[in-house]
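Input: a single structure, listed below in structure tokens.
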Amino acid sequence: MMFKSHFPRAMLSIWHRGIVHVPAVMAVLAMSATLFGCGGGSSNPLGNPPAVSNPAQVAGKTLSFAYFQRCINPIFLAQLQVQLGGSTSTNTCASSGCHETTTGAGGALRLIPGAQALDLSDPANTPGVIRASNMYKNFYSAQAAVVIGSTAQSRLLNKPLLRGVLHGGGLIFLTEDDPNAKLIKYWISRPAPLGQDEFSTATYSMFTPADPKIGTCNTQ
């Protein structure tokens with residue numbers, strides 16, 4: 001009879017050698033608990049498939065960079081309430097234990113906490129300059145977790161809601177009425193006009209007044 005063990009590999013190595021060294025076992029367990037905290041573990045209690053991909057995007061569509069920079073990226077840096085394992089704490093999405101680009105354990109979404117905002121009205125900030133920036137890297141990573149135009153299919157919203165998908169970082173938004181969830185929904189559901197890029201000034205209507213530097217972020 002064969003069975004699949006869910007023990008960490010390091011513990012199996014100790015076990016198979018016939019060495020039961022309590023400090024070593026405890027160290028492995030502590031390391032595993034840390035990894036599991038934001039989705040870095042290898043166990044699969046819910047039977048999720050090994051690879052998950054979003055449905056195909058609609059060709060030629062992109063989301064607004066201006067709205068992302070002013071309204072979405074700040075969510076990743078904010079101290080948010082987290083419900084995980086029966087306890088409540090606070091953390092940021094871009095923290096080192098979650099989605100920080102170099103040390104995070106939080107899957108495909110990778111964020112650079114120190115990404116600087118760019119002045120989109122400055123002629124020196126050409127599309128090429130912006131696309132080489134850290135802020136754009138955050139935008140690119142976040143958009144990859146989205147099905148443009150479909151909030152119901154987008155992991156960027158479904159994971160923090162724990163809506164039909166496992167999120168190692170726990171429950172972040174209790175409902176879609178959470179103010180931050182509303183911002184994400186609005187961003188996903190209002191792509192730039194077909195054929196226009198992510199810097200299209202047509203997306204400035206997503207602010208009131210229609211200026212990404214001083215406008216407030218619309219949610220409806």
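The values are calculated or read from the model by the stated rules, or taken from the named source; none is laboratory data. A quick note: this is a predicted structure, and the numbers were derived from the prediction, not measured. Cβ atoms come from the backbone with ideal geometry, glycine included; neighbour counts cover every protein chain shown.
If Asn73 satisfies every condition in (1) at pLDDT 95 or above; (2) over 27 Å from Asp211 (Cα atoms); (3) within 14 Å of the chain's Cα centre (by Cα); (4) among the polar types (S, T, N, Q) but one, which is the exception?
Going through (1) at pLDDT 95 or above; (2) over 27 Å from Asp211 (Cα atoms); (3) within 14 Å of the chain's Cα centre (by Cα); (4) among the polar types (S, T, N, Q) one by one, Asn73 breaks only (2).
Which of the residues spanning region 129-140 are without any contact (Cβ under 8 Å) to a residue 12 or more places away in the chain and either loosely packed, with under 10 Cβ neighbours inside 10 Å or not in a loop (DSSP other than H, G, I, E, B) (or both)? Reasoning before the result, please.
Initially, region 129-140 is screened for residues without any contact (Cβ under 8 Å) to a residue 12 or more places away in the chain, giving 129, 131-132, 140.
Within region 129-140, Val129, Arg131, Tyr140 meet the criteria.
One line per residue, one yes/no per condition, for (1) touching a residue at least 40 places away in the same chain (Cβ under 8 Å); (2) touching a Ser or Thr at 6+ places or on another chain (Cβ under 9 Å):
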{"position": "Ala152", "(1), (2)": "no, no"}
{"position": "Arg155", "(1), (2)": "yes, no"}
{"position": "Phe173", "(1), (2)": "no, no"}
{"position": "Phe199", "(1), (2)": "yes, yes"}
{"position": "Ser205", "(1), (2)": "no, no"}
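Can you tell me which residues in region 102-128 are touching a residue at least 40 places away in the same chain (Cβ under 8 Å) and assigned to a loop (DSSP other than H, G, I, E, B)?
Within region 102-128, the first condition is being touching a residue at least 40 places away in the same chain (Cβ under 8 Å), and the residues that meet it are 104-107, 109, 115, 117-121, 127.
Scanning region 102-128 gives Gly104, Ala105, Gly106, Gly107, Leu109, Ala115, Ala117, Leu118, Asp119, Leu120, Ser121.
Take the residues of region 162-220 that are of a type in the set (Val, Ile, Thr) and outside any helix (DSSP H, G or I): which is surrounded by the fewest Cβ atoms within 10 Å (Cβ to Cβ)? Quick ask: steps written out before the conclusion?
Narrowing region 162-220 to residues of a type in the set (Val, Ile, Thr): 165, 172, 175, 184, 188, 201, 203, 208, 214, 216, 219.
The next check asks that each one be outside any helix (DSSP H, G or I); those that pass are 165, 172, 175, 208, 214, 216, 219.
Details: Val165: 12, Ile172: 21, Thr175: 7, Thr208: 11, Ile214: 9, Thr216: 11, Thr219: 15.
Of everything passing the filter in region 162-220, Thr175 is surrounded by the fewest Cβ atoms within 10 Å (Cβ to Cβ).
Conditions first: (1) in contact with a His (Cβ under 6 Å, 6 or more places away or on another chain); (2) closer than 17 Å to Tyr67 by Cα. Asp119 passes all but one, so which condition is the exception?
Only one criterion in (1) in contact with a His (Cβ under 6 Å, 6 or more places away or on another chain); (2) closer than 17 Å to Tyr67 by Cα is unmet by Asp119, namely (1).
What number of residues within region 152-196 are over 12 Å from the mean Cα position of the chain (by Cα) and closer than 21 Å to Ala66 by Cα?
17
Just name the residue that is surrounded by the fewest Cβ atoms within 10 Å (Cβ to Cβ) out of those in region 116-128 that are of a type in the set (A, V, I, L, M) and farther than 17 Å from Ser200 by Cβ.
Within region 116-128, the subset of a type in the set (A, V, I, L, M) is 117-118, 120, 124.
Keeping just the survivors that are farther than 17 Å from Ser200 by Cβ gives 117, 124.
Working: Ala117: 13, Ala124: 7.
The qualifying residue surrounded by the fewest Cβ atoms within 10 Å (Cβ to Cβ) is Ala124.
Please determine, by comparing only the residues of region 76-108 that are β-branched (Val, Ile, Thr) and crowded, with 19+ Cβ neighbours inside 10 Å, which one is nearest to Gly169 (Cα to Cα). Talk me through it step by step, then tell me what you get.
Pass one, region 76-108, residues β-branched (Val, Ile, Thr): 82, 88, 90, 92, 101-103.
Now drop any that are not crowded, with 19+ Cβ neighbours inside 10 Å, which leaves 82, 92.
Working: Val82: 8, Thr92: 10 Å.
Per the criteria, the residue is Val82.
Any residue at all in region 178-193 that is more than 24 Å from Ala94 (Cβ to Cβ) and without any contact (Cβ under 8 Å) to a residue 24 or more places away in the chain?
Yes, region 178-193 has at least one match.
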